[in-house]
Structure formats: structure tokens, C-alpha cells
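Structure first, then comments.
The values are calculated or read from the model by the stated rules, or taken from the named source; none is laboratory data. Keep in mind that this is a model prediction, so the values were computed, not measured. Neighbour counts are summed over all protein chains in view; Cβ atoms, including those assigned to glycine, are modelled from backbone coordinates with ideal geometry.
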Amino acid sequence: MSLNISVCQINATVGDLEANSRKILFFYEQAARTGADLAVFSECCLCGYPPEDLLLRKSFLKSNLETLREVAQKVRMPYALIGFAYPKGDKVYNACALLGNRKILSIYNKRDLPNYGVFDEKRYFSPGTSLGLLKIKGYKIGISICEDIWNESAENICLKQAKSGARLLINVSASPYHGGKFKVRYDLLRKRARQTRSAILYVNLVGGQDELVFDGKSFALNSQGALILRAKSFEEDIKWVQLQTMKGTVKLVGGPNSIEPLTEEIEDIYRALKLGTKDYIEKNGFDRVVIGISGGIDSALTAAIATDAFGKEKVLGVTMPSPYTSKQTLDDSKKLCENLGIELFTIPIHPIFDSYLKSLEPIFMGKERDITEENLQSRIRGTLLMALSNKLSALVLTTGNKSEVSVGYSTLYGDTAGGFAVIKDVPKTLVYRLSNYVNKKAGRELIPQSIMDRPPTAELKENQLDQDTLPPYDLLDQMIESYVELDQGIESLKREGFDPTLLKKIIRMIDLSEYKRRQSPPGVKITPKAFGRDRRMPITSRYKEA
């Protein structure tokens, strides 16, 4: 006897119960046509993940449960395992339901609720207590949800399920991506397979949701921890495995072409940015984007990602030269947009800048020019981009990178003005690597080499370079990684060999820029600790590292 299982890796949209249920049934029907006995979907696939404060609305919870019942009416055989939010009495559970014979046959409630990083599950959910054991076609199966399998204590549900005779452990998950995340999951589940001597099937969500992007890569391991299935990265997919009994031994086996190849990390990061951007734009109902093209590498990479994600006909570039804009900037901006095949508008800001200065002259009289006039140019550009956004119903994509966002090297209501920040979690050094990847992937120079070779500059005053204010980006990015992502204090950083004077300056800049980050648009998370959902520092704080 064997048990055929379909792994259904889908891209769900938070709150779109109707569309999510249609997609679930579409994949379910595919599974049924190929002889599956069980179709397994990801965590919260019915309501989308994370639903956040929608879970505080009784109307949403009621609709979510009613939709599950409607789906159940269309599920006979094979069975389906579907993640949803389960209201019961005055509690809500992160749950998955086994559907079959047009009924909800059983429900498992997640026991271990993550409350770190991007997760706030204890705000919304109550922990479950059941053991999560199912019996299908004579096979005992243990069901768990995401964090349940990560628990390292002796109370781990998977250990208990294996002791109760489960030879297959199914974990349905909504695990967000960051660089290197698949290896972390794989190493953990391989350890769990060997601990329990049970095969493991891990089904993950795929798609973008605000700042998060889910990479899919659902996979299965046999009881020795060997990989027998891996689904596609950053794409919807359906795969099959079979649970068999051979000479009294239960084995999980994969079919032909069941292991999709892994890609290099730089490609994964690029695909995460592309999918996160595409889903944010489309799921929020926009059909065009507008980008300020500065002639620099950040706007070039942003434009390349947007064009790849959304199509060249839906991307509008705008260059807004000031008195300090060089001919090279204009030439590079034009060449970039020609290479990408996107439309480029030119709107000079000289007249507007002069008009602003004239209006402010009575108040500014007698005061020397400083950063005020520099920021004014950036804010004029932000106003123009937002005007185009309103008139053309186009979402403004901002172009600041993580290095700039960290130290506040940006203008509030200027280059931070927009709806989505594609590369806000991408350090400057990684921007260059991704730009090289874009050209390699295209097999030609999409991002002009002159842009990559040119020293970064904001061009808000004569002969300005980023390095006039900031240390070299390779050094700055090391400091940011240690201080922001690894939470190291100043004394620890000094022991790493950073110059104490420079270190104090950079830490001070990072700390004082929290108010800017709070007012900036969301963007795709690709590092282990991104600003926003991951790192939540108070704006008002008397504690200072430096």
C-alpha cells in the first residue's frame, strides 16, 4: 500500500479569501487528476500570511471560516490539508484543517507561536495543545505548523509524534526569505529527521506580502535526512511524493524530476527583490510605476528590477536636472533607459528651485547656503514624482539602499517620498554585485558600465561625492552589519578593529536617523535583520552607544 501526496506551493494574498480559495481548489484539482491521496498546502494559505490586525476583526474571522467550509464542500477525495485562521470561542488559532468527504474532518492548532523578528503571533493567536496525529490509508502522520518544528526543547511536537508512531511528519509553513535561509531550514529539518527517524515533508508559502517575500522551496527528506524533493524557488509549484511500505519499513520517495536545482545566492536575492516588487505593485492594484532616474547605480538597479518584474511598457523614468547635474548624469540616465526600453521624461528643476529660493529669500537673508538648499532640490524632485504618481496612477519606487537608510543619508520628503522602496534592505556593496548580475543575466550591458565605475554622488552641490560625508561603502557596510544586524555594542566593535572616532560618528548617525526610517516606505526584506518589522528601535531614547 502507498500514500500519494501532492505538495501544493501557492502564492496567496492576505485577505483575498475568494481568490485564495479559487487557487487552492485549482491546485487541488490538479492533485486529484494525478492520483493524489492527500494535497498539502501552506500555513494560512486561505487567509494569507501574515494577516496582522485583520485577526482582530470578527467579520474577517467569520468570513475566513465560512470560506473554509465552502472549500470543504468541494473536497471529497483526495483529502486536503489547508492552513487558515481558526476562531473558536474567544480564542483564535493558527490552524490547519484536514478536509475530505465534503467535511472538515479534523483541525490542528499551532502549538509554538513565534514572537521574534518579523513575527507577532502571540499578539493574535492562542497556542494549541493537540498532538496533531492523523491516520490516512493506514499511515500515521504527524502534522505541525512552521515554528512547531523549530522548537529545540524536549517538548517539540515532532518528537512526540514520532514516539507515538508517526513515520511521516508534515510541516506547513509561511517562512519568509532572507539570504541563506534555505540552508538554515534544510539543516534544521535534516537534524529533525534523524532525531525522529521519520520522513519530513515541509510545504512553504511563496510570494510577496508588504516587506516580506516567501521563497517557496518546499522540500522533503527521508528518515535518514536525504533530500528527495525540492519545489521551485520564488514560483508556484506542485510536486509529488509517495509514502510506501516495503518489507515492513515505511519510506518516502520522490518521483522523476522531483528536485529542483538551487540557484546561487545572488540570483536568489535578485529574484526575491523582483517577486517582492511585482507582488506589492500588483496586489495593491497599480498598473504603472515611476522612478526618479538620477544617473546613479541605485536608481539604475531599481529600474532594472522593476522593468524585469513589471514590463518595460509599465515603467516610467524621470530625470530632473538641477544646476549641479553633470552631462555624464544626463547621458547615463538616457543610456540606461534606452537599454531597458523604458520611457524617460526630463523635467528640469532649475526654475522651481530659483522660485523657492526667491520665496525664502526674506527669511534666509544673511544666512550662508548649507544642507537646506541641498535638501530643497531633493524635495522638489519628490513633489514632482508624487504629482506624476497622482496624475498617471503610477506607484513611485524610491531608490535608497540600506547603507543610506542606515545613516540617514537621504532627504525626508525628498528621495524618501514614494510608495515602495525596492532596495531599502540592500547594502551598497550588494547593489554593485546585483548590478553586475543584471548585466550577466541579460548577456549585455543593461546598466551602463559608466554608472558602475562612477563614484557615487548626490549632485546637490558642486563637486559633491558620497565619500565626502561617509566612509568607503565596504567599510560602512561592515559597521552596519555588526551594529544593526548583529546588535553588537561599541566596545565589541572597537575590538573588531574599527576606528573609534569613525565608529562613534556612524553609530550616532544610525541612532539619530530612526525618525526618518519610520516615515519611509516599506521595501523587500532580504537580510536577516531589516529595518521595519525586524528592528524596532524607539525614536525617542536617551540611551546612546556613542
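Just a few scattered comments:
- Put simply, of LEU56, LEU65 the only residue that is surrounded by fewer than 22 Cβ atoms within 10 Å (Cβ to Cβ), in contact (Cβ under 8 Å) with a residue 60 or more places away in the chain and not small (Gly, Ala, Ser) is LEU56.
- Taken over region 235-262, the criterion of being assigned to a loop (DSSP other than H, G, I, E, B) and within 16 Å of PHE41 (Cα to Cα) is satisfied by GLU235, GLU236.
- Subset of region 167-208 [under 17 Å from SER42 (Cβ atoms) and of a type in the set (Gly, Ala, Ser)]: SER173, ALA174, SER175, GLY207, GLY208
- Filter pass, GLY138 being within 24 Å of LEU205 (Cα to Cα), in the same structural domain as LEU81 (by TED's automatic domain parsing) and not charged (D, E, K, R): no
- Filter pass, THR277 being in contact (Cβ under 8 Å) with a residue 60 or more places away in the chain, under 14 Å from the mean Cα position of the chain (by Cα) and crowded, with 24+ Cβ neighbours inside 10 Å: yes
Residue-wise test of (1) modelled with pLDDT of 95 or more; (2) surrounded by fewer than 18 Cβ atoms within 10 Å (Cβ to Cβ); (3) within 23 Å of the chain's Cα centre (by Cα).
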residue	(1), (2), (3)
ARG197	no, yes, no
LEU205	yes, no, yes
ALA231	yes, no, yes
ILE238	yes, no, yes
TYR270	yes, no, yes
ASP287	no, yes, yes
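- Criterion (modelled with pLDDT of 90 or more, surrounded by 19 or more Cβ atoms within 10 Å (Cβ to Cβ) and within 23 Å of ALA421 (Cβ to Cβ)) met by exactly one of LEU470, LEU476, LEU503: LEU476
- Qualifying positions in region 406-436 - touching a strand residue (DSSP E or B) at 6+ places or on another chain (Cβ under 6 Å) and outside any loop (DSSP other than H, G, I, E, B): PHE420, ALA421
- Meets criteria (free of Cβ contacts under 8 Å to residues at least 60 places away in the same chain, under 16 Å from GLN209 (Cβ atoms) and hydrophobic (A, V, I, L, M, F, W, C)) for ALA12: no
- Of the strands (runs of 3 or more DSSP E) entirely within region 41-156, those holding at least 1 residues that are under 22 Å from the mean Cα position of the chain (by Cα) and either at pLDDT below 95 or polar (S, T, N, Q) (or both) occupy 91-100.
- Within region 362-383, the set of residues being part of a helix (DSSP H, G or I) and over 32 Å from the mean Cα position of the chain (by Cα) comprises PRO362, ILE363, PHE364, ILE371, THR372, GLU373, GLU374, LEU376.
Yes/no per residue for (1) part of a helix (DSSP H, G or I); (2) more than 28 Å from PRO176 (Cβ to Cβ); (3) in contact with a Ser or Thr (Cβ under 6 Å, 6 or more places away or on another chain):
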position: TYR483; (1), (2), (3): yes, no, no
position: ASP487; (1), (2), (3): no, no, no
position: THR501; (1), (2), (3): yes, yes, no
position: LYS505; (1), (2), (3): yes, yes, no
position: TYR515; (1), (2), (3): yes, no, no
position: PRO522; (1), (2), (3): no, no, no
position: LYS525; (1), (2), (3): no, no, no
position: PRO528; (1), (2), (3): no, no, no
position: THR540; (1), (2), (3): no, yes, no
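- When region 323-332 is filtered for residues that are within 21 Å of LEU397 (Cα to Cα) and at pLDDT 90 or above, the ones remaining, listed by number, are LEU330, ASP332.
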